[in-house]
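The values are calculated or read from the model by the stated rules, or taken from the named source; none is laboratory data. This structure is a prediction, so every number in the text was calculated from the model and none was measured. Backbone-built Cβ (ideal geometry, glycine too); neighbour counts: all protein chains shown. Just so you know, the surface numbers come from the protein's heavy atoms only, side chains and all, with ligands and any DNA or RNA stripped out. Shrake-Rupley method; radii C 1.70, N 1.55, O 1.52, S 1.80 Å.
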Amino acid sequence: VECPLCGMAIQGSDIGASRDENDERTPRLIDPEDRYRLSAAERRRLGMELISLAAALAATALILIDLLSDARLSWSLYAVVSLAMAWLASITPFAFHGKAWLGMSTLGVAVIAYLLTIDGLDGNLTWSAGFGVPIAMLTGVVVAFTALMIRGIRVKGINCLGIGAIGLALYLVGLEVILGVASGTAGRLYWSVVAALTLVPVAILLFYVHRK
């Protein structure tokens, strides 16, 4: 039964009524929390708008407080840049729904830009070029490699943990290389090799258990 005014199904109106056994249609039920019957795309757009509005209001408040207290922009620049990064990370799942790789690539570029901006706000680039950006790029490459390897497996199980262990071993080796180059002490690898030699046998054991 439908409402003569809005044409919507009246929930519970068919209780006790006979129903055709051959009728395979799902009964129309009204979700009391979905008053506007928004589609998935509309809900994502609404979520992006709300997050953007909240971020804009917070950024405005931070800037005004900084201006009122010191008559110039100082600490609020760091807060606003960090807020912008958090805003982008929050809306990425909505903006790139169903396009995971595009979303991850966007976030990777945004993280690099964020590190350079935070480091350069004082007029000099110090830690970002030597440490921040290389570590961020290394993290992105290892995560992408691990995700591709796991995605290419037909039967997923404990072998995924083995791939993660190998990815972690590669990450630790790359991390020690970056730290050594940035600090000017590049040479033989120490702690990362020990960690990698521990993780690789664990990965092999996980692969063996999975095959059994």
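Observations on the model:
- Taken together, the criteria exclude residue 138 from residues that are modelled with pLDDT of 90 or more and out of contact with any Leu (no Cβ under 8 Å at 6 or more places or on another chain).
- Residue match in the stretch 166-182 (condition: more than 25 Å from the chain's Cα centre (by Cα), of a type in the set (A, V, I, L, M, F, W, C) and more than 30 Å from residue 83 (Cα to Cα)): yes
- Of all residues in the stretch 92-136, those satisfying the criterion of being of a type in the set (S, T, N, Q), assigned to a helix (DSSP H, G or I) and either closer than 24 Å to residue 56 by Cα or free of Cβ contacts under 8 Å to residues at least 12 places away in the same chain (or both) are 92, 105, 106, 117.
- Here is the figure for the stretch 187-197: residues that are surrounded by 10 or more Cβ atoms within 10 Å (Cβ to Cβ), without any contact (Cβ under 8 Å) to a residue 24 or more places away in the chain and either closer than 13 Å to residue 163 by Cα or in contact with a helix residue (DSSP H, G or I) (Cβ under 8 Å, 6 or more places away or on another chain) (or both) total 5.
- Note on the stretch 145-186: among residues that are in contact with a helix residue (DSSP H, G or I) (Cβ under 9 Å, 6 or more places away or on another chain) and outside any helix (DSSP H, G or I), the one that is modelled with the lowest pLDDT is 186.
- Any pair with Cβ under 6 angstrom, 6 or more apart, that starts in the stretch 73-91 at a residue that is open to solvent by 50 Å² or more (accessible area, probe 1.4 Å) and ends at one that is at pLDDT below 95 and acidic (Asp, Glu): 73/66
- Residues of the stretch 156-174 satisfying the condition of being touching a residue at least 40 places away in the same chain (Cβ under 8 Å) and open to solvent by 30 Å² or more (accessible area, probe 1.4 Å): 157, 158, 161
- Per the conditions (1) at pLDDT below 90; (2) assigned to a helix (DSSP H, G or I); (3) surrounded by fewer than 16 Cβ atoms within 10 Å (Cβ to Cβ), the sole criterion not satisfied by residue 44 is (3).
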